[in-house]
Amino acid sequence: MALQNNNSRAVTHKARRSKSKLIWLSVFVVSAAGAVLYSLWNGQSIPFAMLQNSMNQAQPEAPKYKEALEFAMTDFDHGWIRYADQIMVTSDGGVSWTTSDTVPTAVEPTSLGNGELRFLQAPKTISIVNYQSKEYSVKQSQFMTDHIGWAIVNDNGEAGSRLLSTTDGGTTWQTDVTGAVRQALEDEKLLLQRRNEESAFYASLDQTKLALQSEWLLIPNTVNQGDVVLVRHDKPDKLEWQGKSYTLQPFGAGYFTYLPVGTNVPPGDYPIGNKTLKVVSASFPKQYLQVSEQLESMRQDTKRIEADQVKIDAARSQSEPQFLFQSTFLKPIEGILTTPYGHMRYVNGKLSGSHLALDLAAKQGTPIKATNDGIVALADNLYLTGNSIYLDHGMGLFSQYAHMSELRVKTGDRVKRGDIIGLVGTTGFSTGPHLHFTFWANNVPVNPNLFFEKTPFQWLEKSTTNS
Ligand SMILES: [Zn+2]
């Protein structure tokens with residue numbers, strides 16, 4: 001459709017051009033013939049100056065091109081140009097133009113989303129346009145985004161009669177809206193959509209702009225051992241971290257990965273992209289637990305433990321390629337904190353490892369809420385953790401719930417934040433009714449306290465200067 005319009009316009013232009021050529025030719029022929037007749041009659045040779053004179057006198061006063069006086073584009077598709085004698089409007093970004101009796105009323109370009117996200121740099125003002133290796137002074141210009149702009153110029157030739165466009169922030173300009181220009185406009189629309197999609201996740205517009213303008217962003221840039229960082233980059237890439245490779249996944253206008261900082265990562269400064277991650281020492285107290293010999297012997301059945309681990313690894317090996325949550329994470333039950341995150345646990349006097357979860361004691365049967373929107377990656381009765389659930393929150397983030405008396409969801413279910421997914425119990429390796437709750441970021445357990453009443457994007461607030 002657009003192409004057809006373009007062709008028909010080109011034909012009109014061509015026709016107009018050949019018509020004016022024809023007029024010129026007749027003027028020339030008539031004048032030349034007159035001069036020849038006169039000199040023949042006079043018996044003189046024809047002076048060349050005379051021929052030139054007759055041509056000059058015959059040149060019409062009307063300019064070959066109409067001068068564009070004023071224009072406005074309301075979005076990537078709609079706009080108008082006013083000439084002395086008529087108004088032309090477009091609804092396909094300048095591919096085709098039709099006449100209009102009036103200047104259309106300007107509308108806020110809502111189709112482009114939040115107007116603030118159209119410019120990450122200050123909107124450009126220009127005084128010169130370079131078109132086909134010639135410089136023209138600008139009569140009027142309008143930038144719609146950092147890249148896309150339009151201008152009309154002072155010129156009595158073709159350039160002055162047309163709307164010029166740029167798709168590279170004003171470096172190069174063209175009069176014809178070619179397929180490549182149209183593609184650039186479509187790409188820009190998509191970019192704005194992605195910026196708007198991403199902006200919904202940040203706490204403020206300033207933080208959104210900070211994120212969108214950064215080549216690398218660490219959310220946050222200072223963490224404790226056992227925390228997790230959300231890394232954003234403006235291009236696809238991979239990160240090597242603590243002996244593992246992390247592929248940045250596209251989301252919004254950027255590329256993201258969770259980078260888990262294990263409790264065993266030594267404190268210090270770590271370069272990530274062009275930024276520095278500061279890992280601060282966390283103190284994890286010791287906890288001594290006495291359990292019955294029968295309960296302790298459970299931990300010796302490595303076959304069953306390994307068989308469960310295969311199921312868990314399979315469940316956590318795939319994650320939705322987007323952030324599934326839309327608001328903050330909530331605490332699944334109120335409960336009484338009996339074991340905080342990171343406690344070095346000694347069971348019957350022997351070190352049994354770090355407890356990388358929260359234990360929240362509550363009455364048997366207390367309803368447990370999904371901490372946020374997600375997909376049930378696993379809902380199963382496991383040997384050590386009893387009735388267990390892993391919820392996928394996308395991009396490699398999972399929440400884990402253990403020792404439940406009852407499961408209220410099954411593998412594959414989609415849940416919303418706050419949905420009841422199970423009841424508090426004491427199944428598996430457990431000494432009393434409680435919920436064992438934690439998060440896993442790319443298969444590493446991370447501190448759940450970071451998530452409550454927050455989304456990972458809101459950790460940006462912790463970064464005072466994101467250097
Ligand atoms: Zn626990």
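The values are calculated or read from the model by the stated rules, or taken from the named source; none is laboratory data. Here the structure is a predicted model, which means the values were calculated and not measured. Backbone-built Cβ (ideal geometry, glycine too); neighbour counts: all protein chains shown. In case anyone asks, the SASA skips ligands and DNA or RNA and just uses the protein heavy atoms, side chains included. Shrake-Rupley method; radii C 1.70, N 1.55, O 1.52, S 1.80 Å.
A Cβ distance below 7 Å, combined with a sequence gap of six or more or placement on separate chains, defines the contacts here; from the range 111-126, residues that are of a type in the set (Ser, Thr, Tyr) reach residues that are modelled with pLDDT of 75 or more in the pairs Ser111/Asp75.
In the range 440-457, is there at least one residue being in contact with a Leu (Cβ under 6 Å, 6 or more places away or on another chain), closer than 18 Å to Ile312 by Cα and either part of a loop (DSSP other than H, G, I, E, B) or polar (S, T, N, Q) (or both)? No, there is no match, as no residue in the range 440-457 is in contact with a Leu (Cβ under 6 Å, 6 or more places away or on another chain), closer than 18 Å to Ile312 by Cα and either part of a loop (DSSP other than H, G, I, E, B) or polar (S, T, N, Q) (or both).
The criterion of being within 16 Å of the ligand (Cβ to nearest atom) and in contact with a Lys or Arg (Cβ under 7 Å, 6 or more places away or on another chain) does not hold for Tyr401.
Scanning the range 264-306 for residues that are free of Cβ contacts under 8 Å to residues at least 60 places away in the same chain and among the small types (Gly, Ala, Ser) yields Gly268, Gly273, Ser281, Ser283, Ser292, Ser297. Within the set Ile389, Ile421, the sole residue that is away from the ligand (no atom under 16 Å from the Cβ), at pLDDT 95 or above, part of a strand (DSSP E or B) and at negative phi turns out to be Ile421. Among Thr328, Thr338, which is the only one that is open to solvent by 20 Å² or more (accessible area, probe 1.4 Å), touching a residue at least 24 places away in the same chain (Cβ under 8 Å) and away from the ligand (no atom under 15 Å from the Cβ)? Answer to the check: Thr328. Of the strands (runs of 3 or more DSSP E) lying entirely inside the range 150-243, those carrying at least 1 residues that are modelled with pLDDT of 95 or more and within 24 Å of Pro321 (Cβ to Cβ) are 216-219, 228-233, 238-241.
The rows are residues; the columns are (1) over 34 Å from the mean Cα position of the chain (by Cα); (2) of a type in the set (S, T, N, Q); (3) assigned to a loop (DSSP other than H, G, I, E, B).
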residue: Val279; (1), (2), (3): no, no, no
residue: Ser283; (1), (2), (3): yes, yes, yes
residue: Arg304; (1), (2), (3): yes, no, no
residue: Ala307; (1), (2), (3): yes, no, no
residue: Val310; (1), (2), (3): yes, no, no
residue: Asp313; (1), (2), (3): no, no, no
residue: Leu324; (1), (2), (3): no, no, yes
residue: Ser327; (1), (2), (3): no, yes, yes
